[in-house]
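Working notes for the structure below.
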Amino acid sequence: YSSRVQPSLDKDFGTLIDNFNAMLEEIESRDERLESLVGDLISARDSAQSANTAKSQFLANMSHELRTPLNAIINYAEIIQEDLTAGETETVVSDVGKVQTAGLHLLGLINGILDLSKIEAGRMEVEAHSFDAAAILREAIDTVKPLAARNNNKLSVSIDPSVGAARTDSVKFRQCVLNLLSNACKFTKDGEVSLRASIRSIDGEQHLEVAIADTGIGMTPVQQASLFRAFVQADASTTRKYGGTGLGLAITQRLVTLLGGKIAVTSEPGAGSKFIFSVPRLFGDAAAAEPDETPDAGAEPGTAAARTALIVDDDNDARDLLDRLARRMNYETIVASDGAEALEIARRSRPDLILLDLHMPVMDGWTVLEHLQSDAALKTIPTIVVSVDDDAGKCFRLGAEDFFTKPINRIEFERALLSYAKLASGDILIVEDNDDAAELLSRAARNVGFTPLRAADAEAGLAALENCNAVGVILDLSLPGMDGAAFLNTLRASEKWRSLPVIVFSAQELDGRLRAEIAAKAQGFHVKSETSPRVVLSEFMNSAALARPAAQDPEDRKCASW
């Protein structure tokens with residue numbers, strides 16, 4: 001259709017020729033669009049076929065990867081059972097260690113699949129908080145030391161002194177580092193794996209930059225091109241020799257992006273690989289505020305005063321695990337296998353803490369929460385939900401003070417148990433106009449040892465501070481009269497209260513500018529529907545900025561509830 005009829009001097013023929021040529025141009029343009037569309041469809045088909053092939057290979061690999069540790073768990077458990085029955089205990093400790101290793105490996109595989117699905121569904125969120133980035137890096141190195149030793153690899157570490165306090169999601173940051181270190185150790189034998197970390201300025205913003213290099217098998221340019229695609233490994237021979245699912249790097253790349261950073265790789269076959277990723281030291285709105293210098297302290301077993309925990313779960317193994325963890329933290333324990341039994345025990349024994357599953361026969365956990373909240377004698381008992389479900393918001397709305405998804409992170413869980421052991425002290429001012437919200441915060445404050453003082457508006461809050469020696473403030477933003485932002489500005493303009501720790505706990509949605517302004521003046525910002533009161537109180541307990549007042553004679557303290 002590219003040919004055209006030559007113009008004619010004859011008027012009638014000229015018009016006919018012009019119309020004919022216009023029709024040819026339209027046909028030619030249509031054909032070009034059609035050809036482009038066909039090309040796009042072919043490309044989409046090829047991509048879909050490639051993705052389908054990758055997922056088929058992934059499922060084949062996953063079948064093997066899941067069965068291997070599961071088989072080890074079952075077989076070693078059988079051996080342990082037989083040895084204990086026969087009175088032979090010499091190898092039991094070693095066998096239990098192998099069961100634990102296989103179980104952790106299996107959990108890692110399952111978590112990888114779940115993490116990727118949450119990221120791709122847009123359900124993975126960043127939970128920014130203050131932590132020591134250098135400590136996280138050293139912890140990651142300690143974690144992979146056994147893996148490095150297994151392949152006779154030398155580990156070297158260089159962490160610049162500037163790498164210290166950060167405010168982003170420490171769990172996701174640690175996962176990125178661990179994924180890259182684990183890969184480096186796995187694909188390197190009789191070689192060296194190094195970690196280098198520093199602070200780098202990118203577009204005027206401080207970034208944590210982590211470089212992990214190895215002297216392992218390396219990669220070709222073709223392999224590097226598909227490196228961050230889910231379900232893909234270098235090739236089938238790599239899968240057979242080294243195992244794995246092909247999800248680790250895909251998850252790492254997505255987590256780095258989620259944290260606002262970038263990741264890159266350089267590699268040569270036989271000469272090793274080097275991964276470099278950087279993430280903002282202060283995530284999102286926290287970029288306007290400096291993080292606390294001291295990270296959360298880990299929980300130490302046996303430091304809590306003896307208190308009673310009611311454990312409610314219909315699964316014997318889950319109940320036994322929670323029982324052991326609670327006892328490690330010096331809690332006395334009572335157990336129940338369903339919600340109805342739990343309520344009966346709670347009314348009779350008045351435990352100090354309830355650990356509650358959601359899915360149970362007779363009465364489920366949600367109904368238990370409703371009954372606890374409607375009973376004046378029970379509603380003050382803090383409840384931690386421990387469930388396979390992922391709906392923490394619903395549980396918080398029903399009165400739960402904390403939420404853990406099974407399988408739980410033991411260290412974080414023990415830290416939560418510790419926080420309910422009344423180890424805090426001092427007065428804490430709660431500036432909140434909503435009675436129910438103030439009561440929940442007051443209860444959480446008392447549970448960890450603080451003495452809560454309540455002010456229903458900003459003016460009353462300022463008056464309370466004049467008459468008290470509060471160690472910190474929990475502040476709502478939507479207040480009658482002077483709002484929370486103005487209250488915070490008043491504190492920061494005052495010589496007396498400039499350094500007083502303030503954590504904002506509000507349901508108000510803020511635009512980026514206002515949230516950045518608040519973050520610059522407060523030690524923390526939490527959304528009510530997403531965070532438990534216990535987490536807010538723990539932030540005070542673990543904050544280096546917590547300005548505890550000097551001891552006073554009780555008669556000199558004029559604190560009251562406003």
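The values are calculated or read from the model by the stated rules, or taken from the named source; none is laboratory data. The structure presented is a predicted model; accordingly, all values stated were derived computationally and were not measured. Quick reminder, even Gly has a Cβ in these numbers, built from the backbone with ideal geometry, and neighbours come from all protein chains shown.
What to note about this one:
- Candidates V386, V362: the one that is over 20 Å from R446 (Cβ atoms), crowded, with 19+ Cβ neighbours inside 10 Å and among the β-branched types (V, I, T) is V386.
- Looking across segment 353-393 at every residue that is out of contact with any helix residue (DSSP H, G or I) (no Cβ under 8 Å at 6 or more places or on another chain) and not in a helix (DSSP H, G or I), the one that is farthest from K406 (Cα to Cα) is identified as A376.
- Test: residue in segment 303-323 that is more than 30 Å from K521 (Cα to Cα), assigned to a loop (DSSP other than H, G, I, E, B), modelled with pLDDT of 90 or more and within 27 Å of the chain's Cα centre (by Cα): yes
- Selection from segment 405-437 of residues that are surrounded by fewer than 22 Cβ atoms within 10 Å (Cβ to Cβ) and at pLDDT 90 or above: D433
- Condition check for A140: part of a helix (DSSP H, G or I), over 20 Å from G260 (Cα atoms) and modelled with pLDDT under 90: yes
- Among the residues listed as S494, S442, the single one being surrounded by fewer than 22 Cβ atoms within 10 Å (Cβ to Cβ) and not assigned by TED's automatic domain parsing to the domain that holds L378: S494
- Scope segment 438-460; condition assigned to a helix (DSSP H, G or I) and either touching a Pro at 6+ places or on another chain (Cβ under 9 Å) or among the β-branched types (V, I, T) (or both); matching residues: A438, L440, L441, S442, R443, A444, A445, R446, N447, V448, A458
- Across segment 85-122, the number of residues qualifying as in contact with an Asp or Glu (Cβ under 7 Å, 6 or more places away or on another chain), part of a helix (DSSP H, G or I) and surrounded by fewer than 16 Cβ atoms within 10 Å (Cβ to Cβ) comes to 1.
- The residue that is farthest from the chain's Cα centre (by Cα), among those in segment 187-223 that are in a loop (DSSP other than H, G, I, E, B) and farther than 18 Å from K154 by Cα, is T220.
- Of all residues making up segment 330-352, the number that are in contact (Cβ under 8 Å) with a residue 60 or more places away in the chain and assigned to a loop (DSSP other than H, G, I, E, B): 2
- Only one of E35, E78, E125, E82 that is at pLDDT 75 or above and not in a helix (DSSP H, G or I): E125
- Residues located in segment 394-420, provided they are in a loop (DSSP other than H, G, I, E, B) and either farther than 14 Å from S532 by Cα or touching a Ser or Thr at 6+ places or on another chain (Cβ under 6 Å) (or both): A400, E401, K406, P407, I408, N409
- Residue in segment 179-194 that is on the phi < 0 side of the Ramachandran plot, touching a residue at least 24 places away in the same chain (Cβ under 8 Å), among the hydroxyl-bearing types (S, T, Y) and crowded, with 21+ Cβ neighbours inside 10 Å present: yes
- Some residue of segment 232-239 being at pLDDT 85 or above and either within 31 Å of the chain's Cα centre (by Cα) or not in a strand (DSSP E or B) (or both): no
- Residues of segment 461-489 classified as surrounded by fewer than 16 Cβ atoms within 10 Å (Cβ to Cβ) and in a helix (DSSP H, G or I), total: 5
- Qualifying positions in segment 152-177 - touching a strand residue (DSSP E or B) at 6+ places or on another chain (Cβ under 9 Å) and in a loop (DSSP other than H, G, I, E, B): N153, D160, S162, V163, G164, D169
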